[in-house]
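Take a look at the structure below.
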Amino acid sequence: MINSKLPNTGVTIFTKMSGMAKKYEALNLSQGFPDFEGSSELHALVGRYIQEGNNQYAPMQGALTLRQAIADKTKKLYGVDYNVENEITVTAGATQAIFTAITACISKDDEVIVFGPAYDCYEPAIQLCGGITKFINLEAPDYKLPLDKLVGQISHRTKMLIINSPHNPTGAVLTHEDMLQLQTILKDTNIIVISDEVYEHIIFDGANHRSIVSYPELAKRAFVISSFGKTYHITGWKIGYCIAPRTLRKEFQKVHQFNVFSCNHPVQLALAEFMQKEDEYTGLLAMYQKKRDVFIKGLHGSKFKFVPTTGTYFQLLDYSQIDSIPDIEMAEKLVKDYGIAAIPISVFYKNPPEEDRMLRFCFAKGEETLLRACEILKSI
């Protein structure tokens, strides 16, 4: 018999809710993926690079042209130089990058501080390494980073801190002041930071993304992780990247080379060429701002309460004026009785707040789908 390393882990809520959506033929606003295609030009580039014979292993750290494009973009957006040879690794999606960074650094009984609600891949990776996850809950409705609580949770065993901005599932965005305070708190420690920035280009209402690379005291200790899937609507291609200073990159690649070794070669080459079109990522904001605004405007008159999300393509809806049942039950009820699928927020917590009645909806959908979803939600 196998002695499970994850005895309390089952099928993820994303698999469950998408499965229910299919079974009941419901609108699927649960799992975070677009229902529209990415650029046909990017698709054609992949085909071209395949036909040109780029079908063998890419370099372990990633195709040089793609690493250079990532470095150029980072310099242009944040004014920071990263070395293409020593500080950038292309990964099989952001989740693999997160897993690799945790595995490279965490040993038995090391403590990792995570802010809940948190993307569900963080804790299992920590657990597999024998580490201990210390959760600090963010609080509704603004889900601001509780830096005062962070100070009290740091101990001699604290090895790592994971931050995520724009934040999945809440849509909260870290401010310049948050980053300065975090920099001060960590200054005299050896704590490593994973900064999950996969939604860096999806921030609304004039807010700015504050990348950790822009804060030297944080950047020197940070794995910065991003995703092409979120940026170019190609989540199924599973290509992301990790930026880290040389000392951290060295440990990261020790694990990476025995985990996936290298990633899809023609896709990397296509992305490198496509990244020269800056408007394809800088223009992302306007498209998603419109989708968010269509969604929240369509919800006016419903019994759901909400604060418009500041980032990501997720919107939280508070159903406390509709029902008092737990959010998992409410999510199942919406699928079965109303034909719409969402994600219950409690699954992102270790100890969810008992009073919260929140569901997460993905608005990376066509306008017709969003308007139909709003009509359903207003009928509840």
Problem - Subset of segment 29-61 [surrounded by 19 or more Cβ atoms within 10 Å (Cβ to Cβ) and either modelled with pLDDT of 95 or more or over 30 Å from Ile376 (Cβ atoms) (or both)] - result: Leu29, Leu42, Leu45, Val46, Tyr49, Ala58, Gln61
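Name every residue in segment 262-303 that is part of a loop (DSSP other than H, G, I, E, B) and within 22 Å of the chain's Cα centre (by Cα), in order of residue number. Working first, answer last.
If we filter segment 262-303 for residues that are part of a loop (DSSP other than H, G, I, E, B), which is where we start, we get 262-264, 275-278, 283, 300-303.
Matches in segment 262-303: Ser262, Cys263, Asn264, Met275, Glu278, Gly283.
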Exercise for the section: State whether one or more residues within segment 73-92 are assigned to a helix (DSSP H, G or I) and either touching a strand residue (DSSP E or B) at 6+ places or on another chain (Cβ under 6 Å) or under 18 Å from Gly236 (Cα atoms) (or both). Expected result: no
Fill in the blank from the handout: The correct count of residues that are in contact with a helix residue (DSSP H, G or I) (Cβ under 6 Å, 6 or more places away or on another chain) and surrounded by fewer than 23 Cβ atoms within 10 Å (Cβ to Cβ) in segment 115-125 is 2
Exercise for the section: Exactly one condition in (1) under 28 Å from Arg210 (Cβ atoms); (2) touching a Lys or Arg at 6+ places or on another chain (Cβ under 6 Å); (3) among the charged types (D, E, K, R) is not met by Asp35; state its number. Expected result: (1)
Exercise for the section: Determine whether Lys350 is within 28 Å of Val114 (Cβ to Cβ), surrounded by fewer than 18 Cβ atoms within 10 Å (Cβ to Cβ) and either outside the structural domain of Ile203 (by TED's automatic domain parsing) or at pLDDT below 95 (or both). Expected result: yes
Practice task
May I ask you to list the residues in segment 104-132 that are over 25 Å from Asp148 (Cβ atoms), modelled with pLDDT of 95 or more, in a loop (DSSP other than H, G, I, E, B) and not aliphatic (A, V, I, L, M)?
Solution key: Ser107, Lys108, Asp109, Cys129, Gly130
Practice task
Would you check if Glu355 is under 24 Å from Lys230 (Cα atoms) and surrounded by fewer than 14 Cβ atoms within 10 Å (Cβ to Cβ)?
Solution key: no
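Select from segment 247-260 the residues that are of a type outside the set (Val, Ile, Thr) and either in contact with a strand residue (DSSP E or B) (Cβ under 8 Å, 6 or more places away or on another chain) or at pLDDT below 95 (or both) and list them in ascending order. Walk me through it before giving the result.
Within segment 247-260, the first condition is being of a type outside the set (Val, Ile, Thr), and the residues that meet it are 248-254, 256-259.
Of everything in segment 247-260, those that are of a type outside the set (Val, Ile, Thr) and either in contact with a strand residue (DSSP E or B) (Cβ under 8 Å, 6 or more places away or on another chain) or at pLDDT below 95 (or both) turn out to be Leu248, Arg249, Phe252, Gln253, His256, Asn259.
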Practice task
Output the helices (runs of 4 or more DSSP H) that fall wholly within segment 141-228 and possess 1 or more residues being under 30 Å from Leu269 (Cβ atoms) and either at pLDDT 95 or above or in the same structural domain as Leu317 (by TED's automatic domain parsing) (or both), or say none.
Solution key: 216-219
Practice task
Give the residue that is surrounded by the fewest Cβ atoms within 10 Å (Cβ to Cβ), with candidates limited to residues of segment 8-28 that are modelled with pLDDT of 85 or more and part of a loop (DSSP other than H, G, I, E, B).
Solution key: Glu25
Practice task
Determine whether segment 103-121 contains at least one residue that is within 24 Å of Lys250 (Cβ to Cβ) and hydroxyl-bearing (Ser, Thr, Tyr).
Solution key: yes
Practice task
Take segment 258-281 and flag every residue that is out of contact with any Phe, Trp or Tyr (no Cβ under 7 Å at 6 or more places or on another chain) and under 14 Å from Ile70 (Cα atoms).
Solution key: Gln268, Ala272, Glu273, Phe274, Met275, Gln276, Lys277, Glu278, Tyr281
Exercise for the section: Might you check whether a residue that is surrounded by fewer than 21 Cβ atoms within 10 Å (Cβ to Cβ), β-branched (Val, Ile, Thr), within 22 Å of Ala286 (Cα to Cα) and in contact (Cβ under 8 Å) with a residue 60 or more places away in the chain occurs anywhere in segment 187-202? Expected result: no
Problem - Selection from segment 282-296 of residues that are at pLDDT below 95 and charged (D, E, K, R) - result: none
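Leu299 - would you say it is modelled with pLDDT of 95 or more and within 29 Å of Thr9 (Cβ to Cβ)?
No; evaluated as a whole, the condition is false for this residue.
Every residue in segment 29-65 that is of a type in the set (A, V, I, L, M, F, W, C) and either in a loop (DSSP other than H, G, I, E, B) or farther than 30 Å from Glu251 by Cα (or both), please.
Keep residues of segment 29-65 that are of a type in the set (A, V, I, L, M, F, W, C), which gives 29, 33, 36, 42, 44-46, 50, 58, 60, 63-64.
Scanning segment 29-65 gives Leu29, Phe33, Phe36, Leu42, Ala44, Leu45, Val46, Ile50, Ala58, Met60, Ala63.
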Fill in the blank from the handout: If we ask which residues in segment 229-241 are buried (at least 24 other Cβ atoms within 10 Å of the Cβ) and either of a type in the set (A, V, I, L, M, F, W, C) or part of a loop (DSSP other than H, G, I, E, B) (or both), their number turns out to be 1
Fill in the blank from the handout: Glu278 meets each of (1) surrounded by 16 or more Cβ atoms within 10 Å (Cβ to Cβ); (2) under 13 Å from Tyr232 (Cα atoms) with one exception, condition (1)
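The values are calculated or read from the model by the stated rules, or taken from the named source; none is laboratory data. Quick caveat: nothing in here was measured; it's all calculated off a predicted structure. A quick note on method: Cβ atoms are made from the backbone with ideal geometry, for glycine too, and the neighbour counts reach across all protein chains shown.
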